[in-house]
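The values are calculated or read from the model by the stated rules, or taken from the named source; none is laboratory data. None of these values were measured; they are calculated from a predicted model. With ideal geometry, Cβ positions are generated from the backbone for all residues, glycine too; neighbour counts draw on all protein chains shown. The accessibility values were calculated without ligands, DNA or RNA, using every heavy atom of the protein model including side chains. Shrake-Rupley method; radii C 1.70, N 1.55, O 1.52, S 1.80 Å.
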Amino acid sequence: MRVIAIDGPAGSGKSTVARALARQLGLQYLDTGAMYRAVTFAVLRSGGDPCDTETAAGIARSMDLEVGLDQVIVDGVDATLEIRGPEVTRAVSEVAANAAVRSELVSRQREWARQRDGGVLEGRDIGTVVFPDADLKVYLTADPSERAKRRAKEVSDLDYETVATDLARRDALDSNRKAGPLVEAGDAVVVDTTGLDIDGVVARVLALLPGETRGPDGVPG
Ligand code: DC
């Protein structure tokens, strides 16, 4: 089993880098953030309170969830767009801080990789909790203002200030929670993507893998 863990805060470039790596290495890709968003979506859809830990945990355990490359299906409903919407985005940190929800999703993530003999997984706790023995752990960062700029570009209906404030709030919640907080694994390679283009980041990460083609500069990290 070959597992590549890509962790880091929102807007650090994780999704773009993880997708490109998966494609180049012929591995499958899993966006674990989409799983926390899907649980949040299911809780809101059922009329439940995302802060109610028992409700969220029960839904996480019983829900039917398919996270594909471009589509997320929750109990047979296409939730691809709604999981990125403002309601889910506002409530997801609360659900992601729920230890019982995390334990359920971590099991599903391990099972996903086991069935595929590995993969590229992106999230916050992949290298620290889900796969502490991953073959490669990458922790992506970028300046908060650059991360907010990237996110503001993705969500056209929100202005920069709103995105920046929300990002800072989620960073704080994700970093300070007890269960699976956002933190660099001691053995992760940290790449600051501020001012770097994605191809450059992907080449740099590929160069860290034994036996892979070297990046344009020919040197790791
Ligand atoms: O990457 P994203 O913005 O889609 O993540 C949504 C939320 O889920 C965010 O608050 C962080 C949380 N998350 C997490 O706690 N652990 C993961 N492995 C992935 C995401």
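Whenever you get a sec, compute what percent of the accessible area on the stretch 1-144 sits on carbon and sulfur atoms (1.4 Å probe).
The value for the stretch 1-144 is 46 percent carbon and sulfur by accessible area.
Could you go through the stretch 72-86 in sequence order and give the Karplus-derived ³J(HN,Hα) for each residue, using 6.51 cos²θ - 1.76 cosθ + 1.60 with θ = phi - 60°, rounded to whole Hz, and x for Gly and Pro?
10, 10, 10, 6, x, 9, 6, 10, 3, 7, 5, 5, 9, x, x
What does the net charge come to around Asn98 if you take all other residues with beta carbon closer than 10 Å to its beta carbon, with K and R at +1 and D and E at -1?
In short, -2.
Could you work out how far apart the two model spin labels at Asp157 and Met1 are, taking each label as a point 7 Å from the Cα in the direction of the beta carbon, and quote it in nm?
4.0
Could you work out [θ]222 nm for the chain from helices alone, using -39500 (n - 2.57) per DSSP H run of at least four and dividing by all its residues? Round to the nearest 500 deg cm²/dmol. The partial results should precede the final answer.
On the way: 8 runs with 102 residues, N = 221.
The helix contribution divided over the chain gives -14500 deg cm²/dmol.
How many angstrom lie between the C-alpha centres of the stretch 164-193 and the stretch 80-157?
Taking the Cα centre of the stretch 80-157 as reference, the centre of the stretch 164-193 is 11 Å away.
Taking H as built 1.01 Å from N, whose amide H comes closer than 5 Å to the amide H of Val189, not counting residues under 5 places away?
Amide H to amide H, under 5 Å and 5 or more residues apart or across chains, Val189 pairs with Lys137, Val138, Tyr139.
Once you put a point 7 Å from the Cα of Asp52 and another 7 Å from the Cα of Gln115, both along the Cβ direction, what distance in nm separates them?
My value for the distance between the label points is 3.0 nm.
Considering amide H positions built from the backbone, and no H for Pro or chain starts, which residues 5 or more places from Val72, or on another chain, come under 5 Å of its amide H?
Distant-sequence amide H within range of Val72: Ala79, Thr80.
Show which lysines lie in cross-link reach of Lys178 when reach means a straight Cα distance below 18 angstrom and same-chain residues fewer than eight apart are skipped.
Output for Lys178: empty list, no partners.
With a probe of 1.4 Å, find how much accessible area the stretch 47-96 has per residue, and write the answer as a whole number in Å².
55
Mind listing the long-range amide H neighbours of Val3? Cut-off is under 5 Å, sequence gap 5 or more, other chains count too, H placed in the peptide plane at 1.01 Å from N.
The list, which skips near neighbours in sequence, is Gly119, Asp135, Leu136.
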